[in-house]
Each structure stands twice: as C-alpha cells, then as structure tokens.
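Participant: The structure follows.
The values are calculated or read from the model by the stated rules, or taken from the named source; none is laboratory data. Source: prediction; values computed, not measured. In this analysis, Cβ positions are derived from the backbone assuming ideal geometry, glycine residues included, and neighbour counts consider all displayed protein chains.
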Amino acid sequence: MHFNITDSHEAELRERVLDIVDETPVDDIHTHLYDPAFGPLLLWGIDDLLTYHYLVAESFRYFDLPYADFWKFDKTTQANLIWDALFLQHSPVSEACRGVITTLHALGLEAKHRDLPAIRKWFAEQSIDGHIQKCIELAGIKSICMTNSPFDDLERQVWHKGFDREPWFTSALRIDPLILDWPRTARRMNEWGYPTGEELSIGAFDAVKKFLADWAERMDAKYVMVSLPPDFEFPANNESAELLDQAVLPFCRDAGLPLAVMPGVVRQVNPQLLLAGDGVERTNLTFLKNLCAAFPQNKFAATVLARENQHELCVLARKFRNLHIFGCWWFTNTPSIIEEMTRERTELVGLSYTPQHSDARVLDQIIYKWQHSRTVIGDVLADKYVDLLRVGWECSEEEIQRDVEGLFGGDFARFCRASF
C-alpha cells in the first residue's frame, strides 16, 4: 500500500538528493594521476585528452593509415588526427568524446567553434598548480589517490629523491610485477638490496615483506593493489599464489592495509594499438571467494572489468564483510552501465560500497568523469529515497548527507581505516 504522497513532495525529495550528490566532495580512490613533483608523468591539457587510449582505439575505426605510421607522429599530430576523425568528421557522441566536450565546457572553452589551435593556446597559458586547483574544484574532489609502482623507473627516482606532496594527493602501492612476473622482479629486488634469491623461500618471503613495508611507508600508501588476468586462480601451485599466501597477505594483515584486486583485463588483444590494445574477458571470481574465506583477517577491495561479473561480485560482498566493492572500471565506466551497476549494488549491498572512482589518466578527465557519474548516481539514489518515501519512510536531509558522504569515500576510508 502506498501512502498519500504528493508529486510535489516526491519532486522536492528528488531535488534535495540531487543537490546533496552534486555538492558533496568526493575522495577519488583510484586514479592514474600524479603529484606535480612527478613532472611529465602528470598528464594534462588538450593533447593528452585527445590522445587518451580510449580515443586512440575509437579513432582507428576510421583511420586508413597503418598503426605503425600513427605511432611515428608526435603527440600534437596524433591529437590533430583524432580531433579530425572523432570531432569534425563525426559527431562526438561516444562517452570518451563527450567527456572531452564536457571538460572543455566546464573550463569555459567554446568547443563548438571547433578551433583546436585556440583551445591548445589556452592550455599553454595555464600554470600546472592553478590548473590542478581548477580541475579539483570543478570535479568536486577533496583527494586524489595515485597509483604508484616502485617498479616504474621514472617513479622510483622521484620517491627516492623525496618531495613535498601536494595536500590532495594520496597513494596506493601497486604490485603487478611482483605477483605476475616474479623471476624478473626477483632479480630487480636483489639489485635493490632485498635478497630474494632466485627461488621462493622463507628468506624470499621475508625480503618481499620488507620491500612492501619500506615502500608503503615511503608512499604513505592507503592500500595495496594489483590488476589481474581473468583466469587468475587462488589457491594454485604457482609463484603468484605462493607470494600472495606467504608474503603479500601477511604483510597487508600486519600493516592493516587492504589488498585491492582489479581482475578482468586481457593485455594486448591488439598489440598494434599499444596501451589502447587491452581487452576484457569474464573473470572466474572463485579466486576472490577463496581469498576472502581463507584470510578473514585481511581486507579486500575489488572492482571487476567485465559487466557479466557484477552480480556475482555483489553476492560475494553480501557473504564476506572483508570485501568492499568499488568503482566502475574502464569499459564499465559508461553512463548506461554505471546506472545498471549502481542500482544492482544498492539493491544488493545497500550503502556499503563505493560507487565510483575516476580511473583518470589525464588530470582534466576528473571533471567529466565525476560530473557524468554524479548525474547517474544522483538519479539512482533519488529513486531509492522516493521508493522509501512511498512506503512511509522519509529520510532527513542529514541522513541523506550522511549516506552520500559514505558513498563518496567515507565508507572506503572506514574500511581501510585510513584518512584520505
């Protein structure tokens, strides 16, 4: 039975929810952005926006030139070709293209004039510090979590040198090579003074734990993360599983750091596209179920790349309180799928998840990724609060604010026991 609620009452509630979602600052818990101390690793500006790998892959659906010829061009020329193919020869209706237009519009640039040189000139006149602040304000962000790998030679130099971190940048420790390429990683760690030896042993596990402890402290990492192939297994009779079991998870437990897993990517489906050539397959999530069950004292965060895995992931989160779902990653970061995933997650796990992260590789992208996502998340939440209203439960503005703050980083911080 529905209570006698007027349309105007529902409209007022919906507007209140949308306003709160729009105005609540967010912790962007996973990005590929960098503190400006990392110099050229921090991508920003129109040429980086246009040569983003989403747009590169889309452009080749129209290009006639060979892949290798495109990669010989400098970034400006590549950007010109992509602008022509996706914005001039065709209307920019894809999510990646619309994102560029949203970003330019938010920055006050008249993209409708189609004047790429003028847009490029405007970006050239901006200072990086001022531009970071502008992007953060337009995106409504209070913190940006970097993805930091001690196995990246350029990054490692900056960390060893030391720098004064900008206050809104936090860090996550990424360990893909450690888990997925042990022989090469072992050789490098030995060179860096962590005596792992060539074979896995108690000494090697201790060296790995010391390595992780040193880098987590250096970075002030909020969590540890790894991207995994869709066929990853645990338990298994291989180096990856042994390293998780004997080194990574004991370290994470003792350090109080969650392990975030991001399974589903298939590397280099089309190698000629380079970074744009990765694909997706459905993941066997048995490994995640086994991890959550076997290590109840550890915490796991997860986002899965394939749409087909999302329902199973929600069910796992209902069964394991040491599992936190976050974000709509990569190929799922489109409005129609964000809406579907946000509704499904809300209906299955309530408010105990983090609906989005930007995954931004270019600073300016945080503007459109959060503006677009807030619109979708706001609509879903408004529907849910209206549903409650219709059956006699009215949430106060304070309660809605509390809920949204939890979804926008508060619940993840509590899960991590960290301050973002």
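Participant: State yes or no: is residue 208 under 13 Å from residue 243 (Cβ atoms), in a strand (DSSP E or B) and not basic (Lys, Arg)?
Facilitator: Details: under 13 Å from residue 243 (Cβ atoms): yes; in a strand (DSSP E or B): no; not basic (Lys, Arg): yes.
No.
Participant: Moving on. For region 235-250, how many residues meet the condition of being of a type outside the set (S, T, N, Q) and part of a loop (DSSP other than H, G, I, E, B)? Give the derivation first.
Facilitator: Filtering region 235-250 for residues of a type outside the set (S, T, N, Q) gives 235-236, 239, 241-245, 247-250.
Imposing the further condition that a residue be part of a loop (DSSP other than H, G, I, E, B) reduces the set to 235-236.
Here the count works out to 2.
Participant: Would you please list the contacts, defined by Cβ atoms under 7 Å and residues six or more apart or on different chains, that run from a residue in region 322-341 that is on the phi < 0 side of the Ramachandran plot to a residue that is aromatic (Phe, Trp, Tyr) and surrounded by 17 or more Cβ atoms within 10 Å (Cβ to Cβ)?
Facilitator: 322/300; 323/300; 324/353; 324/412; 324/415; 325/353; 326/353; 326/412
Participant: While we're looking at this one, here's another question. Of all residues in region 192-205, how many are surrounded by 12 or more Cβ atoms within 10 Å (Cβ to Cβ), under 15 Å from residue 245 (Cα atoms) and of a type outside the set (S, T, N, Q)?
Facilitator: Residues in region 192-205 being surrounded by 12 or more Cβ atoms within 10 Å (Cβ to Cβ), under 15 Å from residue 245 (Cα atoms) and of a type outside the set (S, T, N, Q): 4 in total.
Participant: Inside region 332-358, can you point out the residues that are closer than 25 Å to residue 289 by Cα and either buried (at least 21 other Cβ atoms within 10 Å of the Cβ) or at pLDDT below 95 (or both)? Give the steps one after another, and end with the answer.
Facilitator: Step one: list which residues in region 332-358 are closer than 25 Å to residue 289 by Cα, which gives 332-333, 337-338, 340-357.
Passing the criteria: 332, 333, 338, 341, 342, 345, 353, 354, 355, 356, 357.
Participant: Conditions: (1) more than 17 Å from residue 258 (Cα to Cα); (2) at pLDDT 95 or above; (3) surrounded by 14 or more Cβ atoms within 10 Å (Cβ to Cβ); (4) not small (Gly, Ala, Ser). Residue 163 meets all but one. Number of the miss?
Facilitator: (3)
Participant: Among all residue pairs at least 6 apart or on different chains, which show Cβ distances below 9 Å where the first residue, located in region 85-104, is within 20 Å of residue 370 (Cβ to Cβ) and the second is of a type in the set (Asp, Glu) and not in a helix (DSSP H, G or I)?
Facilitator: 100/364; 103/364; 104/110; 104/364
Participant: Now for a different question. Which one of these is crowded, with 20+ Cβ neighbours inside 10 Å, over 22 Å from residue 302 (Cβ atoms) and modelled with pLDDT of 95 or more: 225, 189?
Facilitator: Going through 225, 189 in turn, the sole match is 189.
Participant: Name the one entry in 96, 79, 85 that is at pLDDT 95 or above, in a helix (DSSP H, G or I) and within 30 Å of residue 412 (Cβ to Cβ).
Facilitator: 96
Participant: Something else now. Residue by residue through region 99-115, note down the ones that are within 25 Å of the chain's Cα centre (by Cα) and at pLDDT below 95.
Facilitator: Across region 99-115, there are no qualifying residues.
Participant: If a residue has to be touching a residue at least 24 places away in the same chain (Cβ under 8 Å) and over 18 Å from the mean Cα position of the chain (by Cα) to count, how many in region 133-147 make the cut?
Facilitator: Final tally of qualifying residues: 2.
Conditions (1) among the aliphatic types (A, V, I, L, M); (2) surrounded by 18 or more Cβ atoms within 10 Å (Cβ to Cβ), marked per residue:
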position: 88; (1), (2): yes, no
position: 93; (1), (2): yes, no
position: 99; (1), (2): no, yes
position: 126; (1), (2): no, no
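Participant: Scan region 229-284 residue by residue and report those that are among the aliphatic types (A, V, I, L, M) and in contact with a Gly (Cβ under 8 Å, 6 or more places away or on another chain).
Facilitator: The answer is 265, 266, 269, 280.
Participant: Considering only region 293-324, state which residues are part of a loop (DSSP other than H, G, I, E, B) and among the polar types (S, T, N, Q).
Facilitator: Correct list: 297, 298, 303, 322.
Participant: Name, by its number, the condition in (1) of a type in the set (Val, Ile, Thr); (2) in contact with a Ser or Thr (Cβ under 7 Å, 6 or more places away or on another chain); (3) closer than 25 Å to residue 266 by Cα that does not hold for residue 342.
Facilitator: Among (1) of a type in the set (Val, Ile, Thr); (2) in contact with a Ser or Thr (Cβ under 7 Å, 6 or more places away or on another chain); (3) closer than 25 Å to residue 266 by Cα, residue 342 violates only (2).
Participant: Taking only region 105-121 into account, find how many residues are without any contact (Cβ under 8 Å) to a residue 40 or more places away in the chain, assigned to a helix (DSSP H, G or I) and either among the polar types (S, T, N, Q) or crowded, with 16+ Cβ neighbours inside 10 Å (or both).
Facilitator: Summing the residues that are without any contact (Cβ under 8 Å) to a residue 40 or more places away in the chain, assigned to a helix (DSSP H, G or I) and either among the polar types (S, T, N, Q) or crowded, with 16+ Cβ neighbours inside 10 Å (or both) in region 105-121 gives 1.
Participant: Do you know which of the residues in region 1-25 that are outside any helix (DSSP H, G or I) and among the aliphatic types (A, V, I, L, M) is nearest to residue 373 (Cα to Cα)? Quick ask: steps written out before the conclusion?
Facilitator: Pass one, region 1-25, residues outside any helix (DSSP H, G or I): 1-6, 24-25.
Narrowing further to those that are among the aliphatic types (A, V, I, L, M): 1, 5.
Details: 1: 33, 5: 29 Å.
Across region 1-25, the extreme among qualifying residues is 5.
Participant: Restricting to region 251-292, and then to whatever is touching a residue at least 40 places away in the same chain (Cβ under 8 Å), of a type in the set (A, V, I, L, M) and not in a helix (DSSP H, G or I), can you tell me which residue is farthest from residue 226 (Cα to Cα)?
Facilitator: Checking each candidate, the answer is 280.
Participant: What are the residues in region 26-73 that are of a type outside the set (Ser, Thr, Tyr), assigned to a loop (DSSP other than H, G, I, E, B) and touching a residue at least 60 places away in the same chain (Cβ under 8 Å), if any?
Facilitator: 29, 30, 32, 33, 35, 42, 44, 45, 60
Participant: Additional query: I'm trying to understand the selection: among the residues of region 161-182, which are in contact (Cβ under 8 Å) with a residue 24 or more places away in the chain and either more than 25 Å from residue 141 (Cβ to Cβ) or part of a loop (DSSP other than H, G, I, E, B) (or both)?
Facilitator: Across region 161-182, the qualifying residues are 163, 164, 165, 166, 168, 175, 176, 177, 178, 179, 180, 182.
Participant: Also: Considering region 359-386 alone, what residues qualify as being of a type in the set (S, T, N, Q) and buried (at least 21 other Cβ atoms within 10 Å of the Cβ)?
Facilitator: 365, 373, listed by residue number.
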